[in-house]
Amino acid sequence: MVSDTVIRHLIEAYPELSEHQRNMLQKDAHFTGKMISDIRYSKKFYLIKKLFSSQLDYLKNNKQWDGNRFVILINAAPKNRGGQRGYLYFLKSDSMLEFKISSSWKGIGFKGDSGKTPMGYFLLRNERREDWDAQTILTPINEIFMKIYEQQKIGITKWLRLVNTRKEKAYMLSNQLALEGQNDGKEYVPLSAPEYYFINDSSVHYLDNTNSLERQLYIHGTNREEQLGGAFSGGCVRIDNIFSYVLKEIIIRQKVIPVFIDAIPYYSVVASNHKVANRSEAVKMLKFNKDNYFLYGQIHHRKTTLVKSQRLSRTITQPIIKILTVEPNARIYLRLSSSMPIPEKALFDLIEQDDSMQIFTDVPYQNTFDLRQVHYRNSKDPAVENKITIEEGIQEIGARLKEAKEFLLQDILKNHPDSTLTVEDLSDNIMIDISQAEIAWNEEVQDPLEYLTLNTPRKLVLRYYNQLLKLMKDNPNAFFERKELQWLSPFAFEEQIHQEGAVFYKKDGLMVQAYLYALGECLLRKDALKRKNIASFEEEGLFYQFMPKEESLRLKHFDEHGFKELLLYSMTESKTGAYIVGERKDIKNTMYNMLLLSEEYFSRFKQLENLLKVEMRIAVDNELIVEGDEEER
């Protein structure tokens, strides 16, 4: 293939390139070509042939194109109608190379000072004439990214992207091929554009594009490669620099390349279920979808179909489709992250092994309850039935994010009005960051807490457990002076005690008390929220203003409410069969029942820790237009 020849020449010339050329080639240059045929991307292939059928017949029947030569078809329709693409077609092999173009931002037109891209039949010739205002200039491969201005080479470009128009304006680069218009207004030219853009004005079919050389219109490489695929030029047809060498190779071989430019919408602007009035409406819609959270149905489940997939589609993919239909040059940035709940038994080690996180990630833990408060012995969630290490859970998160990315891309393709779009096409506009997954697949996870989540209620448990552990160690007298803690006095000097053949551990007793404190505080926070004393459940400072100021009295208050709630829960909602003997705290008769009941009660909050988070930002022409931080606005 011709493109293979160009790539080979580029590799051979690579040692001759300057360091600056090499950097641009490696970092910013793109070859936008994509082969389509009846085997690869067949749906799009047959659509292109159908939409350009009359134009191809015109070239074969009226212009004696024999099919043994390449021909270029240009679709100058707006990007949001499937345009801003070119097709290098070779009839003999019945295949096409699709490539991105950039035609005029002003649209279609023929007047000399219009700055618009003309339509019709053109020729690219490998020759230069003194009487031509436009001249084809071809450069050797080692001069790739050479700027061409007023028919002269003026040096290598500084950038291949828009940095600042004052620092470097838009230039023709690498190769410029003059468009020689062949329609003088006396013959009928088959066009699709009049049907869509000229309100059925049939006179457009008798177009005159013979002033294209006078207007100095070209197909050329550009230093605005990031704008390819959108209408940004001043009338020319921009292409990527590497592809300009593909055309150079062809024009050297066959001397002349036929070109047909039309504006053919592949689909209506917005399908009926994707209607949106204008850009401001679409942007307003996205402003409220900046950060979104979606729940998984099982603890280590990765399948996005078990997330609220309809809501995921409604909240993320549908707004993306709508904004792209009114802002085809928009760039949408999505960052996916995920988390899983910490197993109940891992709460101990999260504190005690804080300086040894790798040990923490290697230990297998049992989730005592699943997301539906079902005990692991009866749960159907594989992550609850079996022990699993934190490291294995983190690996699952990496796989989960990969699945989520695939789901979003496929959902956009499924619902986009252009049924011929591919994932590669979406990469022009949509960037999905799953760097958290890439870290998770790494052998060394530095901070497991980036993947493990505790919401406010379970954070309170962890905080109170830590406080109790520290107080018992640093000041045991103060610890046992508190009335609600005296039931733990057998653990004053022992880590474990034996009673009637059973073993009771101090850490379990401390965890029970931490649960009671946290449970009581949660109840009182909910009550304060209901009374509108606080604006949110997490509003800690204001909440404590309504509680006893002395910490010991405040904790006693939490303990009383927490114990009553747990007692009520054991009699009305618990599915474990555990109960509290004698309605009081006691090591032998109630400690492990209280621990089991507390874990069951707090497992209801684990659902809110099993998340997919989608952060969304949108920019047009490098300007952020979605509400964000003040600095971003």
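Assorted remarks:
- Top-ranked residue in segment 585-618 [being open to solvent by less than 10 Å² (accessible area, probe 1.4 Å) and within 28 Å of the chain's Cα centre (by Cα); ranked as farthest from ALA502 (Cα to Cα)]: ILE618
- Only one of the numbered conditions (1) part of a helix (DSSP H, G or I); (2) surrounded by fewer than 17 Cβ atoms within 10 Å (Cβ to Cβ) is not met by ILE497, and that is (1).
- Contact map, segment 534-559: residues that are open to solvent by 70 Å² or more (accessible area, probe 1.4 Å) paired with residues that are not in a loop (DSSP other than H, G, I, E, B), Cβ distance under 7 Å, separation 6+ or inter-chain. Pairs shown: GLU538/THR456; PHE546/ALA528; LYS556/LYS483; LYS556/GLU484.
- Residues that are touching a Ser or Thr at 6+ places or on another chain (Cβ under 8 Å) and touching a residue at least 60 places away in the same chain (Cβ under 8 Å) do occur in segment 482-500.
- Residues (open to solvent by 30 Å² or more (accessible area, probe 1.4 Å), in a strand (DSSP E or B) and farther than 22 Å from GLY185 by Cα) located in segment 86-112: PHE90, LYS100
- Filter result (hydrophobic (A, V, I, L, M, F, W, C), in a loop (DSSP other than H, G, I, E, B) and touching a helix residue (DSSP H, G or I) at 6+ places or on another chain (Cβ under 8 Å)) within segment 1-42: LEU17, ALA29, PHE31
- Residues that are outside any loop (DSSP other than H, G, I, E, B) and farther than 24 Å from ILE250 by Cα were ranked within segment 60-85; the one that is most open to solvent (accessible area, probe 1.4 Å) is ARG81.
- Qualifying positions in segment 228-241 - modelled with pLDDT of 95 or more and of a type in the set (A, V, I, L, M): VAL237, ILE239
- Meets criteria (modelled with pLDDT of 90 or more and farther than 20 Å from LEU454 by Cα) for TYR505: yes
- Test for GLY115: is it free of Cβ contacts under 8 Å to residues at least 12 places away in the same chain and either in a strand (DSSP E or B) or touching a Ser or Thr at 6+ places or on another chain (Cβ under 9 Å) (or both): no
- Against the numbered list (1) open to solvent by 10 Å² or more (accessible area, probe 1.4 Å); (2) β-branched (Val, Ile, Thr); (3) at pLDDT 90 or above, ILE39 comes up short only at (3).
- Candidates are the residues of segment 4-36 that are surrounded by fewer than 18 Cβ atoms within 10 Å (Cβ to Cβ) and of a type in the set (Ser, Thr, Tyr); the one that is modelled with the highest pLDDT is SER18.
- Residue tally, condition at pLDDT 80 or above, in a loop (DSSP other than H, G, I, E, B) and open to solvent by less than 20 Å² (accessible area, probe 1.4 Å), over segment 419-437: 3
- Filter result for the condition that a residue is more than 38 Å from the chain's Cα centre (by Cα), surrounded by fewer than 22 Cβ atoms within 10 Å (Cβ to Cβ) and modelled with pLDDT under 90, over SER192, SER203: SER203
- Yes/no for TYR515 being touching a residue at least 60 places away in the same chain (Cβ under 8 Å), closer than 29 Å to ARG372 by Cβ and of a type outside the set (A, V, I, L, M, F, W, C): yes
- Looking only at segment 118-138, and only at residues there that are of a type in the set (A, V, I, L, M, F, W, C) and not in a loop (DSSP other than H, G, I, E, B), the one that is surrounded by the most Cβ atoms within 10 Å (Cβ to Cβ): PHE122
The values are calculated or read from the model by the stated rules, or taken from the named source; none is laboratory data. What you see is a predicted model, and the numbers here were worked out from it, not measured in a lab. So basically every Cβ, Gly included, is an ideal-geometry build from the backbone, and we count neighbours across all protein chains shown. When the accessible area is computed, the model is the full protein with side chains, heavy atoms only, and any ligands, DNA or RNA have been set aside. Shrake-Rupley method; radii C 1.70, N 1.55, O 1.52, S 1.80 Å.
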